[in-house]
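Asker: Following this message is one structure expressed as structure tokens.
The values are calculated or read from the model by the stated rules, or taken from the named source; none is laboratory data. Quantities reported herein were computed from a predicted structural model and do not represent experimental measurements. Neighbour counts are summed over all protein chains in view; Cβ atoms, including those assigned to glycine, are modelled from backbone coordinates with ideal geometry.
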């Protein structure tokens with residue numbers, strides 16, 4: 001076989017973008033150059049590694065096996081580069097983090113100063129749902145993940161970052177009566193749920209299940225941003241993390257409904273696989289978090305303490 005690192009890097013990018021055209025753009029190559037290298041890689045195998053449906057590229061089951069190995073090789077190359085830079089007193093390499101969708105309101109503040117200090121680090125941030133984050137960890141595609149619900153598998157190590165509070169929330173038209181409302185209110189309101197696989201949905205359903213509530217499920221939406229817009233339009237009510245609705249609460253566009261047992265509390269955690277071989281960049285980021293998380297919370301998130 002005569003497989004080159006260049007071919008594997010192109011294969012990885014084609015898999016990521018599902019497009020030869022987009023892969024060429026991101027790699028700053030011509031489309032024919034990408035096609036030729038992909039063809040040369042394919043010729044090394046008797047089984048197809050990709051399938052074309054229109055202009056979209058799909059990786060075959062056999063191709064996924066090659067892809068997994070290609071990713072491991074790419075990770076090792078990144079590690080070699082980082083270690084060589086470390087001997088020169090530099091921190092160079094990629095930092096890959098998968099973040100559950102609500103975590104996009106959290107993680108930037110825990111990254112900003114680190115990236116500014118080490119400006120040769122390439123940050124790869126995947127904001128997605130809990131199921132995809134879990135998959136990224138299992139496939140060793142990322143260094144870390146930010147979650148509010150720990151996965152049962154794979155086994156992970158973690159650092160607690162900060163508290164996550166969830167409240168029952170409605171639009172500004174809802175009239176709050178009294179200081180605190182009985183939980184039975186939840187059985188009468190039209191509730192908006194996140195999609196299956198969401199950490200917010202997992203927490204919401206666990207709370208309802210633990211309290212044996214039969215609720216009126218109004219609709220299901222695929223992001224916290226979509227749920228927020230539905231609440232602003234008075235389409236229903238939802239149990240939402242405080243972290244993503246601070247501005248709307250401040251302006252009075254959304255209302256926290258005071259209900260017994262709320263807020264529901266969980267913890268934002270930075271996690272990584274127990275058997276993960278951490279790069280110099282990843283190890284440096286762990287130390288940064290351990291040293292600076294308290295001051296980041298105090299500076300960036302103190303306003304949420306009043307809720």
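Asker: Kindly indicate whether residue 97 is assigned to a strand (DSSP E or B) and either over 23 Å from the mean Cα position of the chain (by Cα) or in the same structural domain as residue 127 (by TED's automatic domain parsing) (or both).
Answerer: yes
Asker: Restricting to segment 229-257, count the residues that are in a loop (DSSP other than H, G, I, E, B) and in contact with a helix residue (DSSP H, G or I) (Cβ under 8 Å, 6 or more places away or on another chain).
Answerer: So the answer is 4.
Asker: Which residues, counting only those in segment 49-58, are part of a loop (DSSP other than H, G, I, E, B) and out of contact with any helix residue (DSSP H, G or I) (no Cβ under 9 Å at 6 or more places or on another chain)?
Answerer: 54, the sole residue that qualifies.
Asker: If you take just the strands (runs of 3 or more DSSP E) that sit entirely in segment 133-228, which of them hold at least 2 residues that are modelled with pLDDT under 90?
Answerer: Counting at least 2 such residues, we get 216-221.
Asker: Of the residues in segment 271-303, how many are under 15 Å from residue 140 (Cβ atoms) and out of contact with any strand residue (DSSP E or B) (no Cβ under 9 Å at 6 or more places or on another chain)?
Answerer: Result for segment 271-303: 2.
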